[in-house]
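Taking it in order: structure first as structure tokens, then the write-up.
The values are calculated or read from the model by the stated rules, or taken from the named source; none is laboratory data. Fair warning: this is a prediction, and the values are worked out from it, not measured in the lab. All Cβ positions, glycine included, derive from the backbone under ideal geometry; neighbour counts span all protein chains shown. Heads up: the accessible areas ignore ligands, DNA and RNA and are worked out on the full protein's heavy atoms, side chains in. Shrake-Rupley method; radii C 1.70, N 1.55, O 1.52, S 1.80 Å.
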Amino acid sequence: MNELKGLDGCTKMVDAETRETLDSALRGYTATLGDHGFDEARTIWNGMIDRSPGLVVRALGTSDIRAAVKFARDNAILMSVRGGGHQIAGLAVEDGAMMLDLSLMRSVHVDPATRTARVEAGALLADVDRETQVHGLALPVGVNSTTGIAGLTLGGGFGWITRKFGMTIDNLISADVVTADGSIVRASDTENPQLFWALRGGGGNFGVVSSFEFRLHPVGPEVLSGLVIHPVSDAPDLLKQFRNICANAPDELTVWSVIRKAPPLPFLPEEWHGKEVLIFAACYAGDMKDGEAAMAGLRALGSPIVDVISPHPFVGWQAAFDPLLTPGERNYWKSRDFIELTDRTIDTILKSINALPGPQCEVFIAHVGGAMARVANDATAFPQRAAHFTMNVHTRWSETAKDKACIEWARDLFDKTAADAAPSVYVNFMPDDEEGRLADAYGGNLERLRSIKATYDPENFFRLNHNILPEMPSQAAQ
Ligand code: FAD
């Protein structure tokens, strides 16, 4: 007998026979505590999240997804969905709930003739990068290759080549979705267009995506990319110059700033290890010679400790930050968007660096805009197209004893940078204590999302996510 959390908050008992019925409907398998695959499924990237589902369904395809959704619906069981397990909020796993785990579904099929890819929902960014690069193609995704494609896409998705080719959602052609009533539908510009609109930024609120179809672009095999590292004492001036470089950058050029204690990188002189530094991480998505010209201004700034910008395989550059972002550590984030990076914001960030609570804690400022900004705010559910910078206060540590200090440091810097920030926030960077920011994440698109939620999931079956409540029938009638 399994005890599972019900949709009504009460415990549901699932007897062996009922579980066997589910098992017999699956190509994959179910697992509970102690079974093979259970720990693998329940363990996610953020080590702060240590939860134990009542039952895990390890799906192998759309039929398994449908069987799991129907089982949870018929038995009124609360269900979470896990793609790559990378979300900071950890909503893929809930104590006592049923987890639909898609992490075994990682196939990526590329059609080089049409420059498209069909990607299963458990694929990681590394899977997508490798399979597309075999054909000299790429999809704009995030900067950490162990992230899942599903959660990233459903929230928006941006990284090194987004300014040139748009966000991940801007390259989504269609998605196959299992909806709350167990239907299998395709969402695209021509089929279920409202659902398609909502999936592009609205998160896991509308159904379970079994696979995505993406448009690809010629990139690589090498891109001019790498790091330029400066002493943090030079940062007040350099960050202002960074701001100007970003303002005038071609779409091909993306530069992110990271301020932190220097990790023991092999190319960094040892005396700098553990000292506060400003890191410019840059990538040029285009011709090498043009890239050299476009990066010249950045590389001429100040007196860097090291400059390791050179041609790198695109697949390698996509994974360059993986060693600093390994799973299992404790993590807490606070994020803000900025249209402009004011002097006051720069000063505030740099003051907080004097009090960094740990060697893995950092502030990164992602340079966005470009093609991403040339899409209307209401063209997809993702509304903050105007942001030019996204700051993530990223605290990361090992010992539970440091939880309070790290979380408070992040919240403090977040509060202090409020004055010049944009009102928006990227839903994929929201921790689980930020329910109140849903309106910031969706802005003017929230009401339309609620209306589409009422069509596709009126009972809010898919609720273990940054939850968009369905519009009430009385509201819809108005
Ligand atoms: P999961 O934790 O598996 O899923 C998150 C949520 O997505 C689930 O709770 C569920 O609600 C929903 N979901 C997942 N799969 C499905 C599905 N198939 N159908 C329906 N709903 C589903 N984002 C960027 O845009 N750019 C970056 O550069 C970037 N860098 C990151 C670096 C790190 C270290 C981390 C931890 C995250 C980063 N992110 C970045 C954020 C990332 O996009 C989100 O964390 C995203 O949610 C991860 O997707 P996932 O599938 O791994 O997550």
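Does any residue of the range 67-82 turn out to be touching a residue at least 60 places away in the same chain (Cβ under 8 Å), in a strand (DSSP E or B) and polar (S, T, N, Q)? Yes; the residues of the range 67-82 include at least one that is touching a residue at least 60 places away in the same chain (Cβ under 8 Å), in a strand (DSSP E or B) and polar (S, T, N, Q).
Restricting to the range 121-152, what's the tally of residues that are hydroxyl-bearing (Ser, Thr, Tyr) and more than 8 Å from the ligand (Cβ to nearest atom)? The number of residues fulfilling the criteria is 2. Per the listing 73, 66, 106, 58, the residue uniquely more than 23 Å from residue 35 (Cβ to Cβ) and away from the ligand (no atom under 11 Å from the Cβ) is 73.
For the range 393-450, taking the residues that are of a type in the set (Gly, Ala, Ser) and open to solvent by less than 30 Å² (accessible area, probe 1.4 Å), the one that is nearest to residue 466 (Cα to Cα) is identified as 441. Note on the range 191-263: enclosed strands (runs of 3 or more DSSP E) holding 3 or more residues that are within 22 Å of the chain's Cα centre (by Cα) are 208-215, 253-261. Looking at the range 321-404, the strands (runs of 3 or more DSSP E) lying wholly inside it that each contain 1 or more residues that are assigned by TED's automatic domain parsing to the domain that holds residue 233 and without any contact (Cβ under 8 Å) to a residue 60 or more places away in the chain sit at 389-397.
Checking residue 268 against (1) open to solvent by less than 10 Å² (accessible area, probe 1.4 Å); (2) assigned to a strand (DSSP E or B); (3) more than 25 Å from residue 139 (Cβ to Cβ), only one condition comes out false. Which one? Looking at each condition in turn, residue 268 falls short on (2).
Taking the listed residues 186, 163, the one that is of a type in the set (Lys, Arg), within 19 Å of the chain's Cα centre (by Cα) and more than 10 Å from the ligand (Cβ to nearest atom) is 163, with no other qualifying. There is no residue in the range 206-226 that is without any contact (Cβ under 8 Å) to a residue 24 or more places away in the chain, surrounded by 22 or more Cβ atoms within 10 Å (Cβ to Cβ) and within 16 Å of the ligand (Cβ to nearest atom). Give the range 1-51 a look and list any residue that's of a type in the set (Val, Ile, Thr), open to solvent by 50 Å² or more (accessible area, probe 1.4 Å) and not in a helix (DSSP H, G or I), or say none. Of everything in the range 1-51, those that are of a type in the set (Val, Ile, Thr), open to solvent by 50 Å² or more (accessible area, probe 1.4 Å) and not in a helix (DSSP H, G or I) turn out to be 11, 43.
Here 473, 458, 423 are screened, and the one residue that is farther than 30 Å from residue 68 by Cα and more than 16 Å from the ligand (Cβ to nearest atom) is 423.
Within the range 401-411, none of the residues are within 29 Å of residue 171 (Cβ to Cβ), touching a helix residue (DSSP H, G or I) at 6+ places or on another chain (Cβ under 9 Å) and away from the ligand (no atom under 12 Å from the Cβ).
Scanning the range 437-444 turns up at least one residue that is among the hydrophobic types (A, V, I, L, M, F, W, C), within 13 Å of the ligand (Cβ to nearest atom), in contact (Cβ under 8 Å) with a residue 24 or more places away in the chain and not assigned by TED's automatic domain parsing to the domain that holds residue 69.
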